[in-house]
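Chemist: First the structure, then my questions, so here it is.
The values are calculated or read from the model by the stated rules, or taken from the named source; none is laboratory data. Predicted model only: the values in this text are computed from it and were never measured. Neighbour counts are summed over all protein chains in view; Cβ atoms, including those assigned to glycine, are modelled from backbone coordinates with ideal geometry. All accessible areas refer to the heavy atoms of the entire protein, side chains included, with ligands and DNA or RNA removed. Shrake-Rupley method; radii C 1.70, N 1.55, O 1.52, S 1.80 Å.
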Amino acid sequence: MNFVELTSYLVKSLVSDPEMVSVKQFDDEDDFVTIQVFVSEQDMPIVIGKRGNIANSIRTIVQASASIHHQKKVKINIDSF
């Protein structure tokens, strides 16, 4: 399962400018994979949502996918540029 593609698909479907979304994967030394998501500053509230509900939903979907495919645990960091 490609976590970058899944995360990118979820985030790009939310934002107003999908071309400005950047998603990269970093392998940590433990049993974790870190996904770094960058969106434009004006799209940040859309991706985070009220009280972080949308961001937490994205994390839940990607982590569930990792669990189903017996992959490493996934951490998702969302930031703007």
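Chemist: Tell me which residues, restricted to region 68-81, are over 10 Å from the mean Cα position of the chain (by Cα) and within 17 Å of GLU5 (Cβ to Cβ).
Modeler: Within region 68-81, ILE68, HIS69, GLN71, LYS72 meet the criteria.
Chemist: State all residues of region 21-36 that are over 14 Å from the mean Cα position of the chain (by Cα) and farther than 16 Å from VAL62 by Cα; if no residue qualifies, say none.
Modeler: Matches in region 21-36: ASP28, GLU29, ASP30.
Chemist: Could you check LEU14 against (1) part of a loop (DSSP other than H, G, I, E, B); (2) in contact with a Phe, Trp or Tyr (Cβ under 6 Å, 6 or more places away or on another chain) and say which number it fails?
Modeler: (2)
Chemist: So GLN36 ticks every box in (1) outside any helix (DSSP H, G or I); (2) at pLDDT 95 or above; (3) in contact with a helix residue (DSSP H, G or I) (Cβ under 7 Å, 6 or more places away or on another chain); (4) closer than 17 Å to ASN2 by Cβ but one. Which box is left unticked?
Modeler: (3)
Chemist: In this structure, is THR7 part of a strand (DSSP E or B) and among the β-branched types (Val, Ile, Thr)?
Modeler: Details: part of a strand (DSSP E or B): no; among the β-branched types (Val, Ile, Thr): yes.
It is false that THR7 is part of a strand (DSSP E or B) and among the β-branched types (Val, Ile, Thr).
Chemist: For region 54-76, state whether one or more residues are touching a residue at least 60 places away in the same chain (Cβ under 8 Å) and small (Gly, Ala, Ser).
Modeler: There is at least one residue in region 54-76 that is touching a residue at least 60 places away in the same chain (Cβ under 8 Å) and small (Gly, Ala, Ser).
Let's see how each residue does on (1) open to solvent by 50 Å² or more (accessible area, probe 1.4 Å); (2) under 11 Å from ILE78 (Cβ atoms):
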{"position": "LEU6", "(1), (2)": "no, no"}
{"position": "SER16", "(1), (2)": "yes, no"}
{"position": "GLU19", "(1), (2)": "yes, no"}
{"position": "VAL23", "(1), (2)": "no, yes"}
{"position": "PHE26", "(1), (2)": "yes, no"}
{"position": "GLU29", "(1), (2)": "yes, no"}
{"position": "GLN63", "(1), (2)": "yes, no"}
{"position": "ALA66", "(1), (2)": "no, no"}
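Chemist: Now, a different point. Given the condition within 10 Å of the chain's Cα centre (by Cα) and open to solvent by 80 Å² or more (accessible area, probe 1.4 Å), answer yes or no: does some residue in region 39-54 qualify?
Modeler: Going through region 39-54, the residues within 10 Å of the chain's Cα centre (by Cα) turn out to be 47.
Filter again for open to solvent by 80 Å² or more (accessible area, probe 1.4 Å), leaving none.
No: zero hits.
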